[in-house]
Each structure stands twice: as structure tokens, then as C-alpha cells.
Amino acid sequence: MSHPTSPEIQVQESVRREFYQRLDSYSAAPLWTALAKLVTSEPRPDYVPACWNYAQMRALLMESGDLITASEAERRVLVLENPNLRGLSQITQSLYAGLQLILPGEIAPSHRHAAAALRLVIEGNGGYTAVDGERITMHPGDFIITPSWTFHDHGNLGSEPVIWLDGLDVPIVNMFTTSFFEGYPQETQAIVRPEGDAAARFGATLLPLEYTPQSASSPLFVYPYSRSREALDQLYRNGPLDAHHGIKLQYANPATGGSPMPTMAAFTQFLPAGFKSENYQSTDGTIYCVVEGRGCSRIGEETVEWGPHDVFVVPAWASVQHQPSEDSVLFSFSDRPAQKALGLWREKRG
Ligand code: 1HN
């Protein structure tokens, strides 16, 4: 059936405004004035590209070390707040990021929460995190996960400060109003397996006999930098370089091949000095941390310059182009698996 085309109604704007005011008192509103902002032709993030200089952030983090202990703070973290989302503890609209410090001898007490966490170790040796009854020693460049609702505590048995980048899906958990939190009865959780147990069971391209995954997250909690660095190195020698990504790999759940956790994906990539990547867009706003090297990235209309351990954010659907001036390794993470699970993820090359 065809609709007769209706003529536009001629009404004074003031009459409409008066109507909207009356609607307001009923907790109602016209869709037609909101529609264009509500449903955009492409992603329009409320947050902006940004970069945090590591030297500056490290100095502030060390200052915080004189002001509060890890135990008193529960977690001594400087939150990286997107400049356009101040006060919300968000680096993108779906993700949280922060820099955490543990000084020698300190303990960050054990707890668990619905939010999942990932960590990229930035500096220091002698740090550990305990997850699900097993201790993991941290080394710079290691990627470590704390899946949803797993008890985790951190400590530093060494003689130097240990610093890492935290990424959490807190804004997603809170958007769904699914936040739960619980402290562990003691400061540190009981260790029930020797260190390296999960790595032997799941991290040697082997699996326990007839293994079926017990959770939506990886049973392997640490992905050592020594191994990912070697893989990048070999693949760079073997080629080819992807025009958009250089050599880029995604961290995987060895039991499923999927992402380590259902809400967040993590990536590592090698970009050789002088490489200039082609324009790339994706719907997953992405947080980068420079593991090694130096360069700049054009993000939409802006350019950020980065060096070792700097953190920068590429908003959803912003066009990004990386230009390393030195051989560089970039770690990154995003909410890609959550978007994919909902059938929303898109990318555009060139
Ligand atoms: C958390 O548990 C950690 O365990 C770090 O190290 C940052 C930010 C928000 C909520 C929980 C950690 C966090 C966090």
C-alpha cells in the first residue's frame, strides 16, 4: 500500500515550544528534535584523541607514592581521564585506563569484581600479581589478565618501583548496571598452584586432555613479552608487512582462539623505522601504549608524538596513520570482542 504524501503542517515555532514544555512535565519528549543526534550516520564519539607523556606521569605517580600506600589506597593508580570525559574515570566511552605503582615491599590487597582487567607491565622487576590461586611474576612488556570475578592481589618483592598500565571494562559493566565487588578475607589470597602451572597446561600449544573451556576467559593469565617480541621479530623477517598495521598480532585464549576476555581484545604490533601506515578506521576506540620506540600518529586532524611508555588513545572511527621514526612495538587494547559479539564492529581500510 502506498502512503499519501502528507503536506507539512504550518505551526508557529512558539506553539511547538509550548507543547515541548508541557511534554517535559510528563517526563516525555519529542523524538523528532533528538533523532539526528541519537542516530548518526557514522560513529561520533564524545571523547577525543589524547596522549599521556610517560616521564610526566611517572613523576606524578612517584609523588603519589609519598602520599599514600598501596594498601591504604587499595590500588595506587593515576586514572587516565579522556580530556573530554573528565570526572568519569573513562579513557574512552567504554573503557577505563590507569597507571599503577607498587613500591618495594608493598601489597595491594586481594579482591574481585565483575569488571575484567588487563595489564601491560611498563617497568620494574620483582612485581607479581596473584590471580585465581597462582602467582605471576611481572616483567616489562608482559601482558597479564584478571578475568571478571577472579580474586587478584599484587605485590613487589624486588627493590625497585613496579609500574604498569591497567585497562578495565568498568564503563561497560556500569552501563549494564552489573557491578559487583568483594574483598578477600585476608590481605593476600591463598596460593594453590606453583608459578608456571597455567603456562604449562595452556601456554605450550598443548591443552589438558579433553579440555573444555570452563569460562568465557582465557585460562592463561600471562603472555610474556619475550615470546611476543620474538614472534614479531620473526614475522618481520619473514614478511609481508601489512600496509595498515605493519606486523600486528592479537592475544588469544589458547583454549578457544578467541580474545583473552569477552569484553576486551589486546594486540601487539611491530612498526619498523620509516614505515608509514595507510589510513585505518575501526569502530573500537583503542588505547595504545608504546613498549619500545618513538614516532608519531595522525589521528583524525590531530598528530600525537610518542616515545617509550607513552599512552595514547585513538577514538572510535577516527582515521589513524602511524609513522614510527624508530623501530617500534605498540601494545593496544579495545572493546572489539564486545562489539563483535553484538554484531556492531566495523573497520575501513584506506
Ligand atoms: C582494580 O581492581 C585494579 O586490581 C586496578 O589492580 C584498577 C580500577 C577500577 C576498579 C578496580 C587492580 C582498578 C581496579
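The values are calculated or read from the model by the stated rules, or taken from the named source; none is laboratory data. Quantities reported herein were computed from a predicted structural model and do not represent experimental measurements. Counting neighbours? That spans all protein chains shown, and the Cβs are built from the backbone with ideal geometry, glycine included.
Summary of computed values
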read-out: Residue satisfying all of: in the stretch 61-104; of a type in the set (Gly, Ala, Ser) and over 21 Å from residue 176 (Cα atoms); nearest to the ligand (Cβ to nearest atom) among these; value: 98
read-out: Residue in the stretch 315-328 that is under 18 Å from residue 294 (Cβ atoms) and among the hydrophobic types (A, V, I, L, M, F, W, C) present; value: yes
read-out: Residues within the stretch 297-319 that are surrounded by fewer than 21 Cβ atoms within 10 Å (Cβ to Cβ) and over 23 Å from residue 143 (Cα atoms), tallied; value: 9
read-out: Residue list for the stretch 39-63, filter: in contact with a Leu (Cβ under 8 Å, 6 or more places away or on another chain) and farther than 26 Å from residue 124 by Cα; value: 46, 47
read-out: Residue 54 being within 26 Å of residue 171 (Cα to Cα) and touching an Asp or Glu at 6+ places or on another chain (Cβ under 8 Å); value: yes
read-out: First in the stretch 147-162 and within 13 Å of residue 137 (Cα to Cα), second anywhere and in a loop (DSSP other than H, G, I, E, B) and within 11 Å of the ligand (Cβ to nearest atom), Cβ under 9 Å, 6 or more apart; value: 154/75
read-out: Qualifying residue in the stretch 71-81 (condition: of a type in the set (S, T, N, Q), in contact (Cβ under 8 Å) with a residue 60 or more places away in the chain and out of contact with any His (no Cβ under 8 Å at 6 or more places or on another chain)); value: yes
read-out: Matching residues, the stretch 279-307, being in a loop (DSSP other than H, G, I, E, B) and over 18 Å from the mean Cα position of the chain (by Cα); value: 279, 293, 294, 300, 301, 307
read-out: Unique residue being of a type outside the set (A, V, I, L, M), more than 23 Å from the chain's Cα centre (by Cα) and within 16 Å of the ligand (Cβ to nearest atom) when the list is 189, 234, 214; value: 189
read-out: Members of the stretch 126-161 that are in a loop (DSSP other than H, G, I, E, B), within 14 Å of the ligand (Cβ to nearest atom) and among the acidic types (Asp, Glu); value: 132
read-out: Pairs where the first residue, in the stretch 316-343, is without any contact (Cβ under 8 Å) to a residue 24 or more places away in the chain and the second is in a strand (DSSP E or B) and buried (at least 21 other Cβ atoms within 10 Å of the Cβ), C-beta under 9 Å, 6+ apart; value: 340/265
read-out: Flag if residue 266 is of a type in the set (Gly, Ala, Ser) and either out of contact with any Phe, Trp or Tyr (no Cβ under 8 Å at 6 or more places or on another chain) or more than 26 Å from residue 239 (Cα to Cα) (or both); value: no
read-out: Single match in 86, 112, 76, 119 (criterion: in contact with a helix residue (DSSP H, G or I) (Cβ under 6 Å, 6 or more places away or on another chain) and more than 17 Å from residue 312 (Cβ to Cβ)); value: 76
read-out: From 197, 166, residue being within 12 Å of the ligand (Cβ to nearest atom), surrounded by fewer than 22 Cβ atoms within 10 Å (Cβ to Cβ), at pLDDT 95 or above and at negative phi; value: 166
read-out: Tally, over the stretch 169-186, of residues that are more than 23 Å from the chain's Cα centre (by Cα) and either exposed (fewer than 12 other Cβ atoms within 10 Å of the Cβ) or not in a strand (DSSP E or B) (or both); value: 3
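Yes/no matrix, rows are residues, columns are (1) of a type in the set (Gly, Ala, Ser); (2) buried (at least 20 other Cβ atoms within 10 Å of the Cβ); (3) over 24 Å from residue 122 (Cβ atoms):
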residue: 229; (1), (2), (3): no, no, no
residue: 233; (1), (2), (3): no, no, no
residue: 237; (1), (2), (3): no, no, yes
residue: 246; (1), (2), (3): yes, yes, no
residue: 251; (1), (2), (3): no, yes, no
residue: 259; (1), (2), (3): yes, yes, no
residue: 263; (1), (2), (3): no, yes, no
residue: 269; (1), (2), (3): no, yes, no
